[in-house]
1. Could you list all residues from segment 63-76 that are open to solvent by less than 70 Å² (accessible area, probe 1.4 Å) and part of a loop (DSSP other than H, G, I, E, B)?
2. Any idea how many residues of segment 1-29 are aliphatic (A, V, I, L, M) and assigned to a loop (DSSP other than H, G, I, E, B)?
3. State all residues of segment 16-26 that are under 14 Å from Met5 (Cα atoms) and surrounded by 13 or more Cβ atoms within 10 Å (Cβ to Cβ); if no residue qualifies, say none.
4. Quick check on segment 34-62: of everything there that is under 24 Å from Val4 (Cβ atoms) and assigned to a loop (DSSP other than H, G, I, E, B), which residue is least open to solvent (accessible area, probe 1.4 Å)?
Amino acid sequence: VKFVMVSGDLTKDGERQCHDKVSKALSKLTQNGIKVFVVPGNHDVNNPLAYKYDGDNTISVPSITQDEFANIYKDFG
């Protein structure tokens, strides 16, 4: 494999914590010489419906902006 392209949605609803985990996982590919390219989907940026779950309860959590997306994934095309 020479490269991997991930077209959004990279996360369920743009949760910051999820983006951090995805970025960390993609870094493992680049560490092994595989180029990675990402494209945000409609749920990945500025999503007011970013939640975490606690049993049957949903708790609003921070989503990310376009600038934050660019910073998190700056190493991925």
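1. First pass over segment 63-76, keeping only residues open to solvent by less than 70 Å² (accessible area, probe 1.4 Å): 63-65, 68-70, 72-73, 76.
Ser63, Ile64, Thr65, Tyr73, Phe76, listed by residue number.
2. Narrowing segment 1-29 to residues aliphatic (A, V, I, L, M): 1, 4-6, 10, 22, 25-26, 29.
Now restrict to residues that are assigned to a loop (DSSP other than H, G, I, E, B): 1, 10.
Of the residues in segment 1-29, 2 are aliphatic (A, V, I, L, M) and assigned to a loop (DSSP other than H, G, I, E, B).
3. If we filter segment 16-26 for residues that are under 14 Å from Met5 (Cα atoms), which is where we start, we get 22-23, 25-26.
Within segment 16-26, Val22, Ser23, Leu26 qualify.
4. Of segment 34-62, the ones under 24 Å from Val4 (Cβ atoms) are 34-45, 47.
Of the ones still in play, those that are also assigned to a loop (DSSP other than H, G, I, E, B) are 34, 40-45, 47.
Values: Ile34: 33, Pro40: 63, Gly41: 19, Asn42: 122, His43: 68, Asp44: 0, Val45: 29, Asn47: 18 Å².
My answer is Asp44.
The values are calculated or read from the model by the stated rules, or taken from the named source; none is laboratory data. Predicted model, so just to flag it, every value in this text is computed and none were measured. Cβ sites come from the backbone with ideal geometry, for glycine too, and all protein chains shown count toward neighbours. All accessible areas refer to the heavy atoms of the entire protein, side chains included, with ligands and DNA or RNA removed. Shrake-Rupley method; radii C 1.70, N 1.55, O 1.52, S 1.80 Å.
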